[in-house]
Amino acid sequence: MTDMTDPSGAGQVLKVSDLSKSFGALQASKNITLDLRAGEIHALIGPNGAGKSTLIKQISGELRPDSGSVSLLGRPVDDLDRVARARMGLGRTFQISALAMEFTVLQNAVLGALGARGGVFRFLGNVMRDKALVAQAEHALERVGLLSDAKRRTADLSHGQRRQLEVAVALTLQPKLFLMDEPMAGLGAGGSQALTGFLDTLRHEAPILLVEHDMDAVFALADRISVLVYGEVIATGTTEEIRNNAEVQRAYLGEEEPV
Amino acid sequence: MNREKLLNTAVILLLLAIPLWAHMAEEPFLITLATKVAILALAGVGLNIALGIGGLVSLGHAAFFGIGGYAMGILAAHAQNYEPLAEWPMLIEGTNQMPVIWLVAVVASALAALVIGALSLRTSGVYFIMITLAFGQMLYYFAISWTAYGGEDGLSIWVRNEFPGLNTLVPLEFFLICYVILCAALWFAARLARAPFGLALSAARQCEARVETVGITPYQLRLTAFVISGAITGLAGALFADLNRFVSPTMLSWHTSGEIMIFVIIGGVGRLFGPVIGAALFILLEHLLGGISDYWQIYLGGLLLIIVLYARGGVIGAISGREVAHD
Ligand SMILES: Nc1ncnc2c1ncn2[C@@H]1O[C@H](COP(=O)(O)OP(=O)(O)OP(=O)(O)O)[C@@H](O)[C@H]1O
Ligand SMILES: [Mg+2]
């Protein structure tokens, strides 16, 4: 087995150490340790309720872990809220889309560009006429294939399109790493393939911690895979190692890919 | 031009045309009604920034309306009695100059909004409503016990305050002052809604997680909106006191907060001209139904119920349909 730990810590964009979190009697994260390195896609897989989203929330700063620590870009961020972590360069998409539903698609993307640029406390100029912001927003929409829907109301989008918009808004932030919670869900075969192709190139801009149920996408994209079951990482390794791991077969992949 | 803009234009022109006609027809009472509409609409424009764009259901806006009213009352009372407000550390005299009074009203209500907002915006939902209500009631009871300025009986000013170059005793001229301020506030509110600040504030109402995820703190947005909102409502309070030449704790009571909110809801929450249409309908109903029955507010309550249940966008929404997001 190749050694997946990187003793020097070089190129380590995200480091999660010994993270635990309980909801009452339910332990949703058990001593989770994992990292994300420059240029890679690290997929996080596991059955429903395994605690994938809970882990993402603790990394992004929405949930406080009971114990353990998170470092971004070599710096502990346990005391920082999610706004501060976003400003450090953490871009995130949600499993249940979190978008301004009354806005147009373009407005949501412009909001992202505005957050990245700063200057929110301007009270007079029309933000949708701000050429730099709109250009950045349109570029992000174009990259996920939503530019032709720019004028539509977000509430009128399909669930898959909302996921694409989430990715586009994250792109406007030009983050240093991405956390993506099931970006393929609801996309359909064609959409999944297109997004898979896109994420494949995106990893060179910023590494991605990818939660995904679509195993074709995971095995096509991931440099490494971590398997989470009942709040515990039962294995981390390359796609080959995970595919051949007996415990993983039993716990997870067996259910997904019946003979 | 879409239907909403057409409706807005018609309403703002009508609000100007009626007093102009009334001036020629020598119907000063009608001018007073139109002035009241303009002032209450201004208060509503203030609230609408917090409520409509920011989603902040404040039941304490009477505090700002009343602070504006008392700013006028106190300054003008000292001016009419030739008693300085303070002699130490420096001499501060009262004044009957509207621009000075407005400035004091705006600054005082903005400061109050900063304090009330900073504390109440740490909560949300029902708690926010209750805390803003509590602050409003606190000021209300303070005003009742503040006998130096009339206590429960309020404070009367004999002569309307002055504006350089105009005769504010002519009803039409005072109306025009209020009308121009209303138009300026509408212009500002329209710009604000489209500005970077308005986009972020609106997004924070729709989805707080989204705003935080792009690196913006909702609390700062909301506090700023609350201060701007309170300042505009405070300015309306100063004008309202000047219209009546009287200020009393009633301006600070929760009824007033409720009424301002009712204009906004009737007209259409978050619609630029919602407060104008709401205030006009409110004054019209008060005038028409108030003549028929003392219990006219029951009918108003019925209207409100219908709007809340069937016309979420208020009157404007019912006439012009779903709002087009920013263009
Ligand atoms: N706020 C909460 N309070 C109580 N329990 C919670 C909370 N959030 C999540 N849980 C529980 O924690 C467990 C892990 O949930 P989580 O959403 O992280 O799973 P997941 O791996 O993302 O699942 P899915 O694949 O369905 O998205 C579940 O049993 C869930 O019911
Ligand atoms: Mg999940």
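The values are calculated or read from the model by the stated rules, or taken from the named source; none is laboratory data. Please read all numbers here as calculations on a predicted model, not as lab measurements. Positions of Cβ are generated from backbone atoms using ideal geometry, with glycine treated the same way; all protein chains shown enter the neighbour counts. What goes into the accessible areas is simple: the full protein's heavy atoms, side chains included, and nothing from ligands, DNA or RNA. Shrake-Rupley method; radii C 1.70, N 1.55, O 1.52, S 1.80 Å.
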Order these peptides, A:33-46, A:69-82, by their mean beta-carbon neighbour count within 10 angstrom, highest first. A:33-46, A:69-82
Taking the dipole of the protein assembly as shown about the Cα centre (Lys, Arg +1; Asp, Glu -1; charges at Cβ), the one of B:ALA112, B:GLN206, B:MET24 that reaches farthest to the positive side is B:MET24
Residues of chain A: accessible area per residue at 1.4 Å, in Å²? 43 Å²
5 Å is the cut-off here: which amide hydrogens, built 1.01 Å from N in the peptide plane, fall below it relative to A:LEU90, excluding neighbours closer than 5 in sequence? A:LYS176
For the stretch A:79-124, place one equal point scatterer on every Cα, skip the solvent, and apply the Debye formula. What is log10 of I(q)/I(0) at q = 0.15, 0.19, 0.31 Å⁻¹? -0.49, -0.76, -1.21
Find the percent of Cα-Cα distances in the protein assembly as shown that exceed 35 Å, and round it to a whole number. 48 percent
Taking +1 at the Cβ of each Lys and Arg and -1 at the Cβ of each Asp and Glu, which of A:VAL134, A:VAL110, A:LEU124 sits farthest along the dipole of the stretch A:104-173 towards its positive end, judged by Cα position relative to the Cα centre? A:LEU124
As a test of the definition: which semi-axes, in Å, follow for chain A when you take the square root of five times each eigenvalue of its alpha carbon gyration tensor? Largest first, please. 31, 21, 17
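Considering Cα pairs under 8 angstrom that are at least six residues apart, work out the relative contact order of the stretch B:32-252 and quote it in whole percent. Spell out each step's value before the answer.
Working: 371 pairs, mean separation 98.7, N = 221.
45 percent.
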Taking chain B as a Gaussian network, where each spring joins two C-alpha atoms under 10 Å apart, which residue of B:ASN96, B:ASN244, B:ASN161 fluctuates the most? B:ASN244
What is the set of long-range amide H partners of A:GLU40 at a cut-off below 5 Å, with H atoms built 1.01 Å from backbone N? A:ILE208
Who wins for biggest fluctuation among B:GLY267, B:GLY301, B:GLY55 in a Gaussian network model of chain B, springs between alpha carbons below 10 Å? B:GLY301
Give the average, rounded to an integer, of partner chain Cβ atoms located within 10 angstrom of each Cβ in B:84-96. 0
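Quick one: work out the % antiparallel among DSSP beta bridges in chain A, nearest 5. Mind showing how you got there, number by number?
Details: 21 of 37 bridges.
Bridges in chain A that DSSP calls antiparallel: roughly 55 percent.
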What dipole magnitude, in Debye to the nearest 20, does chain B give about its Cα centre under +1 on Lys/Arg Cβ and -1 on Asp/Glu Cβ? 1160 debye
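Find the relative contact order for chain A and round it to a whole percent, using C-alpha pairs within less than 8 Å whose residues are 6+ positions apart.
On the way: 479 pairs, mean separation 68.2, N = 259.
Across chain A, relative contact order equals 26 percent.
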Just tell me which lysines come within less than 20 Å, Cα to Cα, of A:LYS21; anything on the same chain fewer than 8 places away is out. A:LYS30, A:LYS52, A:LYS57
Those lysines that a straight Cα-Cα span of less than 26 Å connects to B:LYS36, excepting residues fewer than 8 apart in one chain: B:LYS5
Mind checking which of B:VAL276, B:GLY290, B:LEU176 is farthest towards the positive end of the protein assembly as shown's charge dipole, using Cβ charges of +1 (Lys, Arg) and -1 (Asp, Glu) about the Cα centre? B:LEU176
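In chain B, once you exclude exposed chymotrypsin sites (Phe, Trp or Tyr not before Pro) (DSSP loop, at most 14 other Cβ within 10 angstrom), what's the longest stretch remaining? It would help to have the intermediate numbers written out before the result.
Values: sites that count: B:TYR82, B:TRP158, B:TYR295.
The reported range is B:159-294.
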With +1 on the Cβ of every Lys and Arg and -1 on the Cβ of every Asp and Glu, the dipole magnitude of the protein assembly as shown about its Cα centre, in debye rounded to the nearest 20, is 640 debye
For chain B, with a Gaussian network of springs between Cα atoms less than 10 Å apart, report the residue from B:ALA148, B:ALA76, B:ALA63 with the top mean-square fluctuation. B:ALA148
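How do the peptides B:163-171, A:173-181, A:107-115 rank, highest first, by the average count of neighbouring beta carbon atoms within 10 Å per residue? Each step should come with its number before you reach the end.
On the way: B:163-171: 13.1, A:173-181: 22.6, A:107-115: 27.8.
With the highest mean Cβ count within 10 Å placed first, the list reads A:107-115, A:173-181, B:163-171.
Provide the percentage of antiparallel DSSP beta bridges, counting only those with both residues in the protein assembly as shown; round to the nearest 5.
Working: 25 of 42 bridges.
Close to 60 percent.
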Per residue of the stretch A:12-17, in order, report the coupling 6.51 cos²θ - 1.76 cosθ + 1.60 (Karplus, θ = phi - 60°) as ³J(HN,Hα) in whole Hz, putting x for Gly and Pro. 8, 8, 9, 9, 10, 10
Between A:ARG75 and A:ARG152, with labels modelled 7 Å along Cα→Cβ, what's the label distance in nm to one decimal, could you check? 3.9 nm
Drop in accessible area of at least 40 Å² in the complex versus isolated chain, residues of the stretch A:108-156, 1.4 Å probe: A:LEU111, A:VAL120, A:PHE121, A:PHE123, A:LEU124, A:ASN126, A:VAL127, A:ARG153
Can you work out ³J(HN,Hα) from phi for every residue in the stretch B:60-71, in order, using Karplus 6.51 cos²θ - 1.76 cosθ + 1.60 and θ = phi - 60°, giving whole Hz and x for Gly and Pro? x, 5, 4, 4, 6, 4, x, 4, x, x, 6, 4
Peptides A:234-246, A:218-230 ordered by average Cβ neighbours within 10 Å, highest first: A:218-230, A:234-246
Per residue, how many Å² of accessible area does the stretch B:85-232 show with a 1.4 Å probe? 47 Å²
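Quantify how much of the Cα-Cα distance distribution of the stretch B:32-252 extends past 22 Å, in percent.
Looking at the stretch B:32-252, the distances longer than 22 Å represent 51 percent of pairs.
Roughly how crowded by other chains is peptide B:199-205, in terms of the mean Cβ count from those chains within 10 Å of each of its Cβ atoms? Before the final figure, lay out the partial values.
Values: counts 13, 8, 1, 5, 11, 2, 2.
Per-residue shielding by partner chains comes out at 6.
Tell me, what are the semi-axes, in whole angstrom and largest first, of the equivalent ellipsoid of the stretch B:214-294 as set by the roots of 5 times the Cα gyration tensor eigenvalues?
Working: eigenvalues 162, 62, 22 Å².
Computed over the stretch B:214-294, the values are 28, 18, 11 Å.
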Heavy-atom accessible area of chain A with neighbours in place, 1.4 angstrom probe: carbon+sulfur share in percent works out to 50 percent
Would you work out the charge dipole size for chain A about its Cα centre, treating the Cβ of every Lys and Arg as +1 and the Cβ of every Asp and Glu as -1, and quote it to the nearest 20 debye? 1140 debye
Calculated from backbone phi, Karplus (6.51, -1.76, 1.60) coupling profile of the stretch B:300-316 in Hz, x at Gly/Pro: 4, x, x, 4, 4, 4, 4, 5, 5, 7, 10, 10, 4, x, x, 4, 4
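Chains B and A: what accessible area do they bury, summed, in square angstrom to the nearest 100, with a 1.4 Å probe? Show your work: numbers first, answer last.
On the way: alone 16060 and 12580 Å², together 25600 Å².
Separately minus together, B and A give about 3000 Å² buried.
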